[in-house]
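S.K.: One structure follows; several queries about it will come next.
The values are calculated or read from the model by the stated rules, or taken from the named source; none is laboratory data. Here the structure is a predicted model, which is why all the values come from computation and not from measurement. Positions of Cβ are backbone-derived with ideal geometry, glycine not excepted, and every protein chain shown enters the neighbour counts.
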Amino acid sequence: MTRQGKIDDWALGAYADGELSGDAAAEIEALLRDDPEAQLALSELKRQKAALKQAFDPVLAETIPPPIKSAVAGARLGHWGQVARRVLVIGALAAALALVVHAVDLRELTTSQATSMVNAVRSAHVVYGSEIRHPVEVAADQRDQLMTWLSKRLGQPINAPDLMQHGYQLVGGRLLSLGEKPTAYFMYENARKQRMSLYIMTNPEHRDTAFRMEEADGIMTCYWLDGPLGYALAGEMTRGEMEPIAHAVYEALDRT
Amino acid sequence: MSFKTELVTHIPFLRRFARALTSDQALADDLVQDCIERALRKHELYDPERPMRAWLYTILRNLHVSGRRSELRRGASIALDEIPSGADAVPPRQEDRLALGDIEEAVRRLPLVQREVLLLVVLDEMSYRDVAEITGVPIGTVMSRLSRARSFLRQAFDGDKEPRLRRVK
């Protein structure tokens, strides 16, 4: 069912759904003018929408059934004061969730980008994570010096986020390279001496992407692009353990 | 606007979403009622900074998914992607193209994960971002499910013919 034209179905759908910015929409409109097949596909999308609306919109005008009405009328709401503490916790969770959603863009990483990010953080984690005597080049007690150095080399302000809340303490960091470009590597360790790696590289295209997680050989990785930088985490942990840490890293770095 | 007052304004939309999701009026209204009760019980979890509608849809959608799960469970737990559509999840072949115009039947035949995305984007005109949040998947997944749902509908109806429409009973 894919058409041969220059506009792919996803872009056409995003255009029809009002998801594209002014420039991107104008681009699609320009392409549409010379692409009768795409015009047909667009009118098909509009027809589907009209059919759905016509089928289900009459529900909007129906009288609300009495059981639903009385569910609202009969309810007594709790007092805010009693739940203020919980609201704070939930608020923080909601903020984290909102940030995750904010991190998402319509574009995904290309396979080669994703592969190189994952390979870089995995190999750094395997090589340095098992190092006992020299796991890092600059230890956390020279934190400021480390950050200044790495920021200078990457040409972006770099900061290793505080992950103590998740039980991970910064061990230190080092300068690494990825395809001739300098990258920053930070190592964290928890009370059980389990290590976690955070890799930060420049993202010259300034593209944002969603979190992507992958597991191989017992090492979980999570990576994403956010503005001028790309990030990748690696550690021997489950998806459920890594997810909140990834959110914390995203949140911390978003504020620096 | 108080929590309750605002809640009431969303009920018609919740009912439309539930009806299209379940294609069953009684089941849909039960879902809406459960959703409203839950929202009132858990109202302190609502973050007023966020649109209430998306929050309510998240509740309703999760109630529906867990309902379908327990209905289908046979010992092992069932992954969300494996929950079949209302009747069967077999896409129509050329020879058993749907009776012209039965959009409700076409929607019902969609796998649940595609159906909910289609309805939220097309019927409710929600942003991909909101839909990603409601369904708990990345935007890329929202887009691919949406694209599959649309191509299913396109196959179900001959592209050239105007579908005849049935009203909701």
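S.K.: Would region A:25-35 turn up any residue that is at pLDDT below 85 and farther than 30 Å from residue B:28 by Cβ?
M.R.: no
S.K.: Quick one: is residue A:204 modelled with pLDDT under 90 and touching a His at 6+ places or on another chain (Cβ under 9 Å)?
M.R.: When the stated conditions are applied, residue A:204 does not pass them.
S.K.: Identify the residue in region A:141-165 that is closer than 17 Å to residue A:235 by Cβ and touching a residue at least 12 places away in the same chain (Cβ under 8 Å) and, among all such residues, is surrounded by the fewest Cβ atoms within 10 Å (Cβ to Cβ).
M.R.: Once the filter is applied, the top-ranked residue is A:165.
S.K.: From the list B:16, B:53, pick out the single residue that is under 21 Å from residue B:109 (Cβ atoms) and touching a Phe, Trp or Tyr at 6+ places or on another chain (Cβ under 8 Å).
M.R.: Answer to the check: B:16.
S.K.: Which of the residues spanning region A:62-97 are at the interface with chain B (Cβ under 8 Å from one of its Cβ atoms), in a helix (DSSP H, G or I) and either modelled with pLDDT of 65 or more or within 27 Å of residue B:19 (Cβ to Cβ) (or both)?
M.R.: A:67, A:68, A:71, A:72
S.K.: Given the condition within 17 Å of residue A:47 (Cβ to Cβ), at pLDDT below 90 and crowded, with 21+ Cβ neighbours inside 10 Å, answer yes or no: does some residue in region B:81-103 qualify?
M.R.: Yes, that holds for at least one residue.
S.K.: From the residues in region B:128-161 that are among the small types (Gly, Ala, Ser) and at the interface with another protein chain (Cβ under 7 Å from one of its Cβ atoms), which one is farthest from residue A:14 (Cα to Cα)?
M.R.: B:159
S.K.: A further question follows. Using the structure shown, decide if residue A:42 is surrounded by 14 or more Cβ atoms within 10 Å (Cβ to Cβ), within 11 Å of chain B (Cβ to nearest Cβ), closer than 24 Å to residue B:141 by Cα and aliphatic (A, V, I, L, M).
M.R.: no
S.K.: Could you list, in sequence order, the residues of region B:15-72 that are within 11 Å of chain A (Cβ to nearest Cβ) and outside any helix (DSSP H, G or I)?
M.R.: Across region B:15-72, the qualifying residues are B:23, B:42, B:46, B:47, B:48, B:49, B:50.
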